[in-house]
Amino acid sequence: MDSSAFPVSIPLLNTNEPEARIVSLAVEEGQFVHEGEVLCTLETTKSTADVIAEGDGFVIALNLTVGDSARAGAQLCFIAETKDWQPEFVQLSDISSDDKSGAEGIETEIPPGLRISQPALNLAKSNNLDLNKLPVGPLVTENLIRDYLDKSSKLKVKEFDFNTGQIIVYGGGGHGKSVVDTIRAQGVYQILGVVDDGLEPGTSVMGIPVLGGSQILPDLHAQGVRQAVNAVGGIGDISSRIKIFYLLAEQGFVCPAVIHPSAVIETSAVIAPGVQVFPHAYVGSDVKLGFGVIVNTGAVVSHDCSLDDYANVSPGALLAGGVTIGKGSLVGMGVTINLGVTIGENARLGNSATIKTNVPDNSIVRAGIIWPD
């Protein structure tokens, strides 16, 4: 994928429902969005979730609209640095007559105005798909072709299947081990393997094989693996954790929420994709957990709290009602935060600190102190 753009995929909201319906669309083709803005809202029979922009840029090749149903992993759009960026696609009116027939056994009249990516065109040709049946206007992607063929029972190729039960764990360190145990306790996913750039392929982590580093992600995607858990904790450097989320998204993986069965999650809480909630944690009424948030073992997140993307609440932390935690902030072990306090972005609260008033962005609160001291 061109570094000047990255794809936005439909996340898996419910392992028993690989498809979700778009109930609202907050953007349009060519619109500039900021990181954290809502792109659309998805709904299944059991849950709803917002799809969030993971970076600034222009919405390009918007592929779905309100009322559409899309499988997890399907492409919603691209976020590009420039408004004139376009994904690689083929405008069929530009194909020479020699290329319009005979290749892969397809021969058809070329529909005027049809825009189709090269991988989608190759897939359509290989299955003798009548191009006149494809929609004119929006970019036709490989995922759309696969969905069409799947619904018409014309494609039964194993490598294109989306296995909703398989998942990979990216990161085999201490946090990765906690993630493995949580997934096992859930009993929902089969862990295919661990991906870690610092571990030798063929070794294992808690009995889970190490498959290789980041270079193996395209092969796993080609085998039908679409789900991953980011097990890079990023305690010392949150940017390392965020980079893995971007890497997984660029390679076409979605990150479902992983919640230990001993954790208590109130039904009114809103849990974004990528969230991890560990044993005996409590997430209270009307709490909002943003993308990639960690609520670690025994932590308490009381009613009406809001935790922005990538926030990390360490074991035993206590958040009173109405607390706001900014993006990328770390709440240390045993920290107590009083009612209604706001913690800014990228703040660091040391272990056992007591927080009585707001903490500005990028602040560091020393361990064990009462803030303000």
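The values are calculated or read from the model by the stated rules, or taken from the named source; none is laboratory data. The model shown is predicted, which means the values in this text are computed figures rather than measured ones. All Cβ positions, glycine included, derive from the backbone under ideal geometry; neighbour counts span all protein chains shown. The accessibility values were calculated without ligands, DNA or RNA, using every heavy atom of the protein model including side chains. Shrake-Rupley method; radii C 1.70, N 1.55, O 1.52, S 1.80 Å.
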Is any residue of the range 222-252 close enough, with backbone N under 13 Å, to a label point placed 7 angstrom from the Cα of S126 along the Cα-Cβ axis, and if so, which?
222-224
Give me the net charge of G176's neighbourhood, meaning all other residues with Cβ under 14 Å from the Cβ of G176; Lys, Arg count +1, Asp, Glu -1.
0
Counting only residues 5 or more places away or on other chains, whose amide H sits under 5 Å from the amide H of I259 once H atoms are built in the peptide plane?
V277
Accessible area per residue of the range 172-232 at 1.4 Å probe, in Å²?
41 Å²
If the chain between S24 and D373 were fully stretched, how many nm would it gain, using 0.36 nm times the residue separation less the Cα-Cα distance?
121.0 nm
With every protein chain kept in place and ligands, DNA and RNA left out, what is the accessible area per residue of the range 264-373? Probe 1.4 Å, answer in Å².
38 Å²
Mind checking the full-extension length gain between Q31 and E266? Use 0.36 nm per residue of separation minus the Cα-Cα distance, one decimal, nm.
81.0 nm
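Leaving out ligands, DNA and RNA, and with a 1.4 Å probe, what % of the accessible surface on the range 311-373 is carbon or sulfur? Before the final figure, lay out the partial values.
Values: 1470 of 2610 Å².
Looking at the range 311-373 in its full context, I get 56 percent from C and S.
How would you classify the range 298-373 from its alpha-carbon gyration tensor, with a ≥ b ≥ c the square roots of the eigenvalues: rounded for a/c under 1.5, else prolate if a/b is greater than b/c, otherwise oblate?
rounded
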Return the sequence-ordered ³J(HN,Hα) values of the range 365-370 in whole Hz as given by the Karplus equation 6.51 cos²θ - 1.76 cosθ + 1.60 applied to θ = phi - 60°, using x for Gly and Pro.
9, 5, 4, x, 8, 9
Area of Y246 that stays accessible when all protein chains are in place (1.4 Å probe, Å², to 10):
50 Å²
Placing each pseudo-label 7 Å from Cα in the direction of the beta carbon, H280 and Y246 end up separated by a distance in nanometres of 3.8 nm
Dipole moment magnitude, nearest 20 debye, the range 8-78 about Cα centre, only Lys, Arg, Asp, Glu C-beta charged:
280 debye
Carbon/sulfur fraction of accessible area - the range 1-65, other protein chains in place, 1.4 Å, %
46 percent
